[in-house]
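No lab work stands behind these numbers, since they all come straight from the coordinates. What you see is a predicted model, and the numbers here were worked out from it, not measured in a lab. When we count neighbours, we look across all protein chains shown, and the Cβ atoms used for this are built from the backbone with ideal geometry, even at glycine.
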Protein chains: 2
Amino acid sequence: MDEKTHARFEARAKIIKSLAHPTRLFIVNELAEGEKCVCELTEMIGADISTVSKHLSILKNAGVLKVRKDGTQMFYQLKTPCILNFFQCVERVLKETQKEHMEIL
Amino acid sequence: MDEKTHARFEARAKIIKSLAHPTRLFIVNELAEGEKCVCELTEMIGADISTVSKHLSILKNAGVLKVRKDGTQMFYQLKTPCILNFFQCVERVLKETQKEHMEIL
DNA sequence: TGGCTATTTGGCAATAATACCAAATTAGGA
DNA sequence: TCCTAATTTGGTATTATTGCCAAATAGCCA
């Protein structure tokens, strides 16, 4: 793989990597309904607020989320809602795997 | 986030995590054209064959790839081609980011 | 059987990701 | 201005991922 190709896939991997964490998937799923502030998400997730803030920053940095400031609050929202399409395929992969698991038993 | 919800997103994250690496994205991209053996992929990637084998195993384990044995060779192929849809959205995210980057300059 | 090829597995060192706490930053209201 | 609330940043210990080498495994063929 030449350097240019590697850089191409590196950039793509960065975006996918930003989604490769249960908390961050949860966040994306929640934001499907609309923007939410850090405090709302933190309460739902139940982790330290600094942890949630860092997860949000990773998603924003990858270009998946954008943010709107209102007073002291930061409202995060999906920047590219096509991300939600991922879930459908992931669901299909899971179903396939479960099906096979059943067949073995 | 209750335990059940966490497990739900953990399972989904595992699948996305399997794609969150440049080499593994490259593999998925190559297999879009059809099955390939470990040796072919290894030559294209230019890493140690054991490294490539482990990447393939991660993808297979996640339910993204399936494998067919033919003699001493193992042919890997996409199990759930909907994975390829990811690329479209990733491309869109990249384009958005680049556009903004241009606007700043 | 013995040798050869393709692939996987085990071990391990280097690097990256994660989560918490504490401290810094920012904005609003008394 | 001072206090408080919301959020981000810095620091750090813990855990996970990665890639190579060496060794093991599996299948073909002489």
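For chain A, the longest principal axis of the Cα atoms and the long axis of helix A:49-61 meet at an angle of about 70 degrees. Judged by the gyration tensor of its Cα atoms, with axes a ≥ b ≥ c, chain B is oblate; a/c meets the 1.5 cut and b/c is at least as large as a/b. For a straight C-alpha distance cut-off of 20 angstrom, the aspartates and glutamates reachable from residue B:14 (same-chain residues fewer than eight places away being disregarded) are A:10, A:30, A:91, A:96, A:100, B:2, B:3.
Using the Stokes-Einstein relation with a Kirkwood hydrodynamic radius computed over Cα pairs, the translational diffusion coefficient of the protein assembly as shown at 25 °C and a viscosity of 0.890 mPa s comes to 134 µm²/s. When each of B:26, A:9 is scored by the number of other beta-carbon atoms lying within 10 Å, the sequence from fewest to most is A:9, B:26. The rotation axis that maps chain A onto chain B passes nearest to the beta carbon of this chain A residue, listed with its distance in whole angstrom: A:20, 2. The lysine pair tally for region B:34-105, using Cα distances under 19 Å and a gap of 8 or more places or different chains, is 12. Counted by neighbouring Cβ atoms within 10 Å, the residues B:99, A:36 run from fewest to most as B:99, A:36.
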